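> Can you read through this structure? Questions will come right after.
The values are calculated or read from the model by the stated rules, or taken from the named source; none is laboratory data. Since the model is a prediction, treat every value here as computed from it, not as a measurement. Cβ: placed from backbone, ideal geometry, glycine included. Neighbour counts: every protein chain shown.
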Amino acid sequence: MVIVELQDVRKVYPLGKVEVEALKGVSFSIEKGDFISIAGPSGSGKTTILNMLGCVDRPTSGTVLINGRPTKDLSDKELTTLRHETLGFIFQSFNLIPVLSVYENVEFPLLLGKKGPKGKEKAEWISYLIHEVGLDQWRAHKPNELSGGQRQRVAIARALVTKPQIVLADEPTANLDSTTGEQILDLMKMINRELQTTFIFSTHDAKIVNLADHIVRLRDGLVIENERQAKA
């Protein structure tokens, strides 16, 4: 089932008196449960695509569809609901709230909207995610008491707490050493298999590309490869 589709998406940014064409007519689709890598060198358009899918930017022309709905037709309120209920986000800089514990950081997205479990069910779900990312004994710790890999594990649990259909991950291993990065990728692959969550990566990391079952390669704002392979 197609969950995301880009149709001839173009994006032009003004840069002083010059216009920079970041995307030059990009088209591809993503199916539910994909573990997809959007790969390419700096300036190829990876982050621009992630911004389109995260509804933090709009295409200059063309159409982005999520669950069959063109995002350009959604009101600001509908876009906010889409981001909160359908999308989860993982950043290379973690973006945790320093004054909150592990448990509170994971819980935070549930406090922003009406969707999600309540009461005992909420506490059990948060505890389950903290257990799944291997942080049971750190649940009361603040981010500055954790390693980089542990912070990224918190970020993964936080991204999953609203039970999103799609998780957008922007260079999630960029600030991690290679061993920790591999552990984080294995964790996300396990979640992808067990929960059928769709993971969409913007990345330079060859390890992510190798793990992906769907690879879209970009160069200079164009798709140069769109390949599916058997799921691991």
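> Looking at the structure I just gave you, is residue 126 within 16 Å of residue 100 (Cα to Cα) and modelled with pLDDT of 90 or more?
So residue 126 passes the test.
> Starting from residues that are closer than 15 Å to residue 84 by Cβ and of a type in the set (Lys, Arg), keep the ones in segment 97-124 and report whichever is nearest to the chain's Cα centre (by Cα).
Looking at the filtered set, the residue picked out is 115.
> Another question, then. Would you be able to tell me the number of residues in segment 161-186 that are within 22 Å of residue 117 (Cβ to Cβ) and of a type outside the set (S, T, N, Q)?
5
> Against the conditions (1) closer than 30 Å to residue 29 by Cβ; (2) touching a Ser or Thr at 6+ places or on another chain (Cβ under 8 Å); (3) of a type in the set (A, V, I, L, M), where does residue 157 fall short? Just the number, please.
Unmet for residue 157, out of (1) closer than 30 Å to residue 29 by Cβ; (2) touching a Ser or Thr at 6+ places or on another chain (Cβ under 8 Å); (3) of a type in the set (A, V, I, L, M): (2).
> Restricting attention to segment 223-232, which residues are surrounded by fewer than 18 Cβ atoms within 10 Å (Cβ to Cβ) and either in contact with a strand residue (DSSP E or B) (Cβ under 6 Å, 6 or more places away or on another chain) or part of a strand (DSSP E or B) (or both)?
The initial filter retains those residues of segment 223-232 that are surrounded by fewer than 18 Cβ atoms within 10 Å (Cβ to Cβ), namely 224-232.
Scanning segment 223-232 gives 224, 225, 226, 227, 228.
> Of all residues being outside any helix (DSSP H, G or I) and not hydrophobic (A, V, I, L, M, F, W, C) in segment 84-101, which is nearest to residue 65 (Cα to Cα)? Just the residue, please.
86
> Turning to a different aspect of this structure: Residue 200 is checked against (1) at pLDDT below 95; (2) under 14 Å from the mean Cα position of the chain (by Cα); (3) buried (at least 18 other Cβ atoms within 10 Å of the Cβ) and fails just one. What number does that condition carry?
The one condition residue 200 does not meet is (1).
> Next up: For residue 10, which of the numbered conditions (1) basic (Lys, Arg); (2) crowded, with 20+ Cβ neighbours inside 10 Å; (3) at pLDDT 95 or above fails to hold?
Tallying (1) basic (Lys, Arg); (2) crowded, with 20+ Cβ neighbours inside 10 Å; (3) at pLDDT 95 or above, residue 10 fails exactly one: (2).
> Somewhere in segment 161-172, is a residue within 17 Å of residue 100 (Cβ to Cβ) and not charged (D, E, K, R)?
There is at least one residue in segment 161-172 that is within 17 Å of residue 100 (Cβ to Cβ) and not charged (D, E, K, R).
> Mind listing whichever residues of segment 203-221 are surrounded by 15 or more Cβ atoms within 10 Å (Cβ to Cβ) and farther than 29 Å from residue 163 by Cβ?
The answer is 204, 217, 218, 221.
> Is it fair to say residue 37 is without any contact (Cβ under 8 Å) to a residue 60 or more places away in the chain and small (Gly, Ala, Ser)? Reasoning before the result, please.
Details: without any contact (Cβ under 8 Å) to a residue 60 or more places away in the chain: no; small (Gly, Ala, Ser): yes.
Here the answer is no, as residue 37 does not meet what is asked.
> Do you know which of the residues in segment 80-103 that are without any contact (Cβ under 8 Å) to a residue 60 or more places away in the chain and surrounded by fewer than 16 Cβ atoms within 10 Å (Cβ to Cβ) is nearest to residue 122 (Cα to Cα)?
Among those that are without any contact (Cβ under 8 Å) to a residue 60 or more places away in the chain and surrounded by fewer than 16 Cβ atoms within 10 Å (Cβ to Cβ), it is 100.
> Looking at 96, 100, which one is closer than 19 Å to residue 164 by Cβ and either of a type outside the set (Asp, Glu) or in contact with a Lys or Arg (Cβ under 7 Å, 6 or more places away or on another chain) (or both)?
Selected residue: 96, the only one of 96, 100 that is closer than 19 Å to residue 164 by Cβ and either of a type outside the set (Asp, Glu) or in contact with a Lys or Arg (Cβ under 7 Å, 6 or more places away or on another chain) (or both).
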